[in-house]
1. If you take the beta carbon distance between S145 and A50 as r and set R0 to 41 Å, what does 1/(1 + (r/R0)^6) give as a FRET efficiency, to the nearest 0.05?
2. In whole Å, what three semi-axes, largest first, describe the equivalent ellipsoid of segment 41-229 built from its Cα gyration tensor (square root of 5 times each eigenvalue)?
3. Go through segment 118-132 residue by residue and turn each phi into a ³J(HN,Hα) via Karplus (6.51, -1.76, 1.60, θ = phi - 60°); whole Hz please, and just put x for glycine and proline.
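What follows is calculated from the coordinates using simple rules that are stated; it is not laboratory data. All values reported here derive from a predicted model rather than from experimental measurement. No Cβ is skipped: glycine too gets one built from the backbone with ideal geometry, and neighbour counts run over all protein chains shown.
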Amino acid sequence: MKKIILSALLAFHLPAFLFAQSGGNTDSARMQLKSSYHPIAAAWLAVPVAMTGYGIFSLHSEGLQKINRNVQQTIWTKNPHDRVKMDNYLQFSPAVAVFALDIAGVKAAHALKDRLFLYGITEVVLTGIVQGGKRLSAEWRPDSSGANSFPSGHTATAFAAAEFLRKEYGQRSPLYAIAGYAAAAATGYLRMYNNKHWLGDVIAGAGIGILTTDFSYFIYPRLQKLFKGKAQAAAMIMPTWQNGQPGFALLRYF
C-alpha cells in the first residue's frame, strides 16, 4: 500500500509572545525586514524526514504499535476523562498570531499579500497530503470512530502554522517561534488526550505540517519569477483532496 513519505518533527520549544509596537501599520508604509526566502537546509530536513519515517513504520511495526498502545493506555485507558475541544481552535492560533501581530504593528518578514499567498499554498498542499494519507493508510482511530487516523490533520495544521509564525517573526525574537511550537505541541498532545490519534499519527502530522510550510517558502519566489513581467494579477491552479474527493483550488495573486 502506498504511503505518504513526507516529514515529521515534534519541536517542543516552549512559552510566550512578545508584542512590540512600531510605527506604521500598512505594508506600503513600512520597511520590510529582510526576506527569508532561502533554500531549505538539508540539516533542517533530516529530523523531520526521519520522524516521518517513524510515523510510517508505526503503521506496520509491531514494536512501534506497542508504543502507540502504551501511550494511549497511559493517557486515556488508565486515566479516563472528559474530552476537550480546545485542540479544534488551538491548531490555528499560530497562524492567527501572524496576522494579529501585524495589526499590533509588529513587522513581519513579508508583506501581507505575500503572507496570504504563502499560507494559502501551504493549506492547499497540506489538505491534499493529509487527506490522501488518511485514505491510503486507512488506519483506525484509537476510539474506533473511523479509519482515518493517519496522519493527524489537527497536528499538521498546527505545526504548519507554527512554522509560518517562525518564518515571519522568528528573526525578531525566538519567543515567537517558541510560543508557536508550544501551541502546536499542545495540539498534538490533546489529540492523544482526546483518544483521537496514536502517537505515530501525531509525529507524522507534525512533520508534514512543517515541511509543507517550508515547501511554500521554497516554491513561492520561483512562482513569482515565473509570473514576473506578466499581468498584475497571477493565478495558480493547485490540486486538493477534500472529503475523499480530488479537486482543484484557484489561488490568485494580486
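1. 0.85
2. Numbers: eigenvalues 189, 70, 38 Å².
Here the semi-axes work out to 31, 19, 14 Å.
3. Result, ordered by residue: 4, 5, x, 4, 4, 5, 5, 5, 4, 4, x, 5, 5, 5, x Hz.
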